[in-house]
Amino acid sequence: VLLSAGRFGESSLTHDHACDAECEKDHRQAFDAWSYESAAPLDLSKVREFVRRRLPGSVYRCKGVLYCTDHPSHRVVLQVVGRRMDVAVEGEWASSTPSSRIVAIGRAGELDGEFLQRAFDECRASSCDSAAAPA
């Protein structure tokens, strides 16, 4: 319910009883997680375009710290909930080595890690302009 942005209903997150210490339902089974890391700088406009137009509906939440050619000396923070996206330029990398790290959380069994890997790789500054469509 908290994350709902028209992509899934409350029923996909709940079941028909109150949980206590004896609850046998493993709520973690409702979600999968995927992570991405890259030392290559990303093109922020490509990242925005991918998230706006092609991020699969099975991804409920995506967040990360990006190393972007647009702001190479600063961390760029990506926050996505449903179809809402926020991008903010944060502090300098200082002594940290710039890199991008992204985590996506989505519907169990429907998070296509291979597609997400390809899509974010294609957001690298030196690669082609578009990500492949999900299978």
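The values are calculated or read from the model by the stated rules, or taken from the named source; none is laboratory data. Keep in mind the model is a prediction, meaning the values are calculated, not measured. With ideal geometry, Cβ positions are generated from the backbone for all residues, glycine too; neighbour counts draw on all protein chains shown. Accessible surface is based on the protein model in full, side chains and every heavy atom, while ligands, DNA and RNA are left aside. Shrake-Rupley method; radii C 1.70, N 1.55, O 1.52, S 1.80 Å.
When you restrict to C-alpha pairs under 8 Å that are six or more residues apart and normalise by the size of the range 66-112, the relative contact order lands at 33 percent. Each label was represented as a point 7 Å from its Cα along the Cα-to-Cβ direction; for residue 90 and residue 77 these points are 0.5 nm apart.
For the range 42-85, with every protein chain kept in place, what is the accessible area per residue (1.4 Å probe, Å²)? About 46 Å² of surface per residue is accessible. Applying the criteria of a DSSP loop state and at most 14 other Cβ atoms within 10 Å to the GluC sites (Glu not before Pro) of the range 28-135 yields 110. Between 39, 64, 80, the Cα set farthest toward the positive side of the dipole of the range 30-86 (charges on each charged residue's Cβ, about the Cα centre) is that of 80. Each other residue within a Cβ distance under 12 Å of residue 89 adds +1 if Lys or Arg and -1 if Asp or Glu, for a net charge of -3. Length gained on full extension, residue 108 to residue 31, computed as 0.36 nm times the residue gap minus the Cα-Cα distance: 27.3 nm.
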